[in-house]
Amino acid sequence: MILGALSGVARVLTAPLVRPTAVLPSLSRRLAGTESKHDEQMNTDGKPVELSAPVTKRDHVRGSLDAPVVLVEYGDYECPYCGRAYWVIKELLDQLGHQLAFVFRNFPVTETHPRAEAVAEALEAAGGQGRFWEMHDWFYEHQHQLEGLDLEDHAGVIGLDVDLWKKEVREHAYRGRMHEDLETGRDSGVTGTPTFFMNGIRYRGDSGIESLLAAIQEQAAK
């Protein structure tokens, strides 16, 4: 069964796709030029832009929340910039180990990415069975093949109760959770993806590895 065949979300998942740029073949190229155009760090009153909802155990967290730096991304599963940033974050986590914790929150931009919300619900349903990161990683690593992805097949591979997962996707069991992420993003001034917050403060700069690594190291040294 292809991605678009899940009953209840087929109309969204089979809508015309804004195709992401193909994943670049070499890691160095994957990590370069991953820019976000939404990099405002200050409010009009000159105060830092803060994350409206602090990170808690409710979030999807990689690493320990006791890490010196907690990096939050508001992302969209169809966004090509988020697809490139995935490889940057992966490399940063490998390099920095316990110094960095990473949090992913959903921010589907449905105006330009009509399937992003339905994909986010499907991945949240995987999270309900403790397999969010397995599905998250697999999806971003195959984002450039979105039209042919078989989420149901991969749900079985990673050990989900596939019948329960399909039922929850059809019934939109995790739509509320996904919308909670979306609202916390809007409350924090997020308008596009990827948008990052570092230790609760809006990150200014592009999402290439050099810029993010320098900012993380600066935060960790404080």
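Below is a table of values for the structure above.
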quantity: Only one of Ala125, Ala120 that is in contact with a strand residue (DSSP E or B) (Cβ under 6 Å, 6 or more places away or on another chain) and not polar (S, T, N, Q); calculated: Ala120
quantity: Of residues in the stretch 136-155 being more than 18 Å from the chain's Cα centre (by Cα) and surrounded by 13 or more Cβ atoms within 10 Å (Cβ to Cβ), the one modelled with the lowest pLDDT; calculated: Glu147
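Quick grid of which residues meet (1) free of Cβ contacts under 8 Å to residues at least 60 places away in the same chain; (2) among the aromatic types (Phe, Trp, Tyr); (3) in contact with a strand residue (DSSP E or B) (Cβ under 6 Å, 6 or more places away or on another chain); (4) part of a loop (DSSP other than H, G, I, E, B):
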{"residue": "Ala155", "(1), (2), (3), (4)": "yes, no, no, no"}
{"residue": "Leu160", "(1), (2), (3), (4)": "yes, no, no, yes"}
{"residue": "Lys166", "(1), (2), (3), (4)": "no, no, no, no"}
{"residue": "Val169", "(1), (2), (3), (4)": "no, no, no, no"}
{"residue": "Gly176", "(1), (2), (3), (4)": "yes, no, no, no"}
{"residue": "His179", "(1), (2), (3), (4)": "yes, no, no, no"}
{"residue": "Thr184", "(1), (2), (3), (4)": "no, no, no, no"}
{"residue": "Thr193", "(1), (2), (3), (4)": "no, no, yes, yes"}
{"residue": "Asp206", "(1), (2), (3), (4)": "no, no, no, yes"}
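The values are calculated or read from the model by the stated rules, or taken from the named source; none is laboratory data. Since the model is a prediction, treat every value here as computed from it, not as a measurement. As a convention, Cβ positions derive from the backbone with ideal geometry for all residues, glycine included, and neighbour counts pool all protein chains shown.
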